[in-house]
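The values are calculated or read from the model by the stated rules, or taken from the named source; none is laboratory data. All values derive from a computational prediction rather than experimental measurement. Cβ coordinates were reconstructed from backbone atoms using ideal geometry, including for glycine residues, and neighbour counts include every protein chain displayed. Ligands, DNA and RNA are excluded from the accessible area calculation, which covers all protein heavy atoms including side chains. Shrake-Rupley method; radii C 1.70, N 1.55, O 1.52, S 1.80 Å.
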Amino acid sequence: MRKFVILLMIFFLTGSFLLAKDPGEIWDLEKLKQPPQAKWGPVREKVVKDANGKDQAITTQKVWYQGELYRGKPTTIMAFYSRPKGNGPFPGLVLVHGGGGTAFSDWTEFWAARGYAAISIDHFGCEVDGEESSFSNRARHPLPDGIPSGTCPNLLKTDMKDTWPYHAVAAVMLAHSLLDAQKDVDPNRTGLTGASWGGYLTSLAAGIDDRFQTAVPVYGCGGLDVYSWQKPVFDRFGKEYTQLWKENCDPNTFLPRVKYPMLFVTGTDDFAFPLEINRSSWEKVPGADVWLGVHMPHSMPNCLSKEFVTWFDFILKSNKPPLPCLGPIAVQNENGKILVSASVKYHAKPVKAHLRYSTDKGGYPVDKNGKWGKWNNRNWKFCEAKIADGKVSAVLPDNVKERPVVFYLDAVDESGNVASSHFDRVEK
């Protein structure tokens, strides 16, 4: 397993790493890599169920740690920290919520039951009411010294160091530093994941904090100015604002620096982050893997899917089986007959596979009638794909004549884990 990670790192370093912007121009990276001052709440002992329904003893604490100065004043970030009972050292995870979310103790406890030390932060400047929070119960209140929470600030009028992206990235890095400083955590086995705005932030921080061993953004990505529900913001603020955002806040600016494995997860018709812009992000990371779910809802509980556990176990624990990930698609178009294929990665052993395809119009571009494309209403169909000689392949059915056609391959292993190839299209 260690050889696998080292080889991947060598591959990433020889790719587009040197072409990305240096985040040290914005963030004080060495400072953020030092453990912040922190205040720990009481330890609460619990017994929770693991993936097999067995009882696991864990502990959970609230923690408050110091963030970056905001307009010259100190800030505080609240988080939950959970770990298995025992001496460790355990692999660690930093968990990043989406819009409307907060620090979730049930998220950290989910991972603690599976052998991880996990920290879930509130990066919107709030604190949870009470001693726990769940995806369905997220009562919270603003901290008097919390960090700013405006997700798309007007950079024409606001200094970058007074914005949410700046402070949220710092909050993630400081949480990582705090996690690494715990004696029961192995700092050489840490990962990052988040959903929606947390997925955006995961994608952004992945290209800035080089200490992680893996990152899994869910839904969120870069390219918001191109296709996304935020595009009207960029249109309203104009080209100068958009350029400032792309230079300082767009994950795609920093993702080419990533030196570790990443798994990009999204739904085929996610309302906020269409496949087109997700692809613009995963293509920035050489060797990136993809998990696409047909009509997968946009919700935090999807971060508890078994594929996540399989991925993190594979990267952060020894001798664990991989997801049935597929490489980039190869497309042959001969006289209108389209053959699609992709290699199986990591010596995975899928037992079945599919070609997923749609001819429905997607994407955000305004059509000639002034209407947005219905990227989130694509009707997806599928046909069986073949598995042979380390490859998955399929021929698009002859009756699919309409163009463009968009498609990807997926594969399923004997445990029911699913992973995908990259998403692609044929125009003619």
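Can you spot the aspartates and glutamates whose alpha carbon is less than 16 Å from residue 259's alpha carbon? Ignore those fewer than 8 places along the same chain.
22, 209, 210, 283, 289
On a 0 to 90° scale, report how tilted helix 2-13 is relative to the longest principal axis of the chain, with both axes built from alpha carbons and the result rounded to the nearest 10.
The two axes meet at around 80 degrees.
Can you tell me which of 282-288, 268-274 comes out highest on packing, and rank the rest after it, using the mean Cβ neighbours within 10 Å?
Order by mean packing, descending: 268-274, 282-288.
Whole number in Å², please: accessible area per residue of the chain, 1.4 Å probe, ligands, DNA and RNA not counted.
Counting only protein heavy atoms, the per-residue value for the chain is 42 Å².
Based on the Cα gyration tensor of region 49-167, what are the three equivalent ellipsoid semi-axes, each the root of five times an eigenvalue, rounded to whole Å and given largest first?
Over the Cα atoms of region 49-167, the semi-axes work out to 30, 14, 12 Å.
Tell me, what is the percent relative contact order of the chain, built from C-alpha pairs under 8 Å that lie six or more residues apart?
This gives 13 percent for the chain.
Of 240, 307, which has the most accessible area with a 1.4 Å probe, and how do the rest follow in descending order?
Listed by decreasing accessible area, they come as 240, 307.
If you build a Gaussian network model of the chain, linking Cα atoms that sit under 10 Å apart, which residue out of 211, 257, 71 swings the most?
In this elastic network of the chain, the residue with the biggest mean-square fluctuation among 211, 257, 71 is 71.
Could you work out what % of the accessible surface of the chain is carbon and sulfur, using a 1.4 angstrom probe and leaving DNA, RNA and ligands out of the count?
Its accessible area is 51 percent carbon and sulfur atoms.
How far is helix 197-206 tilted off the main Cα axis of the chain, in degrees rounded to 10, range 0 to 90?
For helix 197-206, the angle is close to 90 degrees.
Once every Cα of the chain carries one equal point scatterer and solvent is ignored, give the base-10 log of I(q)/I(0) from the Debye formula at q = 0.13 Å⁻¹, two decimals.
Here log10 of I(q) over I(0) equals -1.15.
P(r) for region 270-428: what percent of alpha-carbon pairs falls in each 5 Å bin, starting at zero?
2, 8, 17, 20, 21, 16, 9, 4, 2, 1, 0, 0
So what's the back-of-envelope 222 nm ellipticity for the chain, counting only DSSP H runs of four-plus at -39500 (n - 2.57) apiece and dividing by all residues, rounded to 500?
Theoretical 222 nm ellipticity from helices: -6000 deg cm²/dmol.
Largest first and in whole Å, what are the equivalent-ellipsoid semi-axes of region 245-290 based on the Cα gyration tensor, each being the root of 5 times an eigenvalue?
Semi-axes, largest first: 18, 15, 7 Å.
Enumerate the lysines that residue 386 could reach by cross-link, defined here as Cα to Cα under 17 Å, with residues fewer than 8 away along the same chain left out.
337, 345, 349, 352
Springs between alpha-carbon atoms under 10 Å, Gaussian network over the chain: tell me which of 209, 398, 145 tops the mean-square fluctuations.
398
Which of the chymotrypsin sites (Phe, Trp or Tyr not before Pro) across region 208-270 are loop residues per DSSP, with 12 or fewer other Cβ within 10 Å?
For chymotrypsin sites (Phe, Trp or Tyr not before Pro) across region 208-270 that sit outside H, G, I, E and B with at most 12 neighbouring Cβ atoms in 10 Å, the list is empty.
Would you work out which of 280, 196, 382 lies farthest towards the positive end of the dipole of the chain, given +1 charges on the beta-carbon of Lys and Arg and -1 on that of Asp and Glu, about the Cα centre?
Of 280, 196, 382, it is 382.
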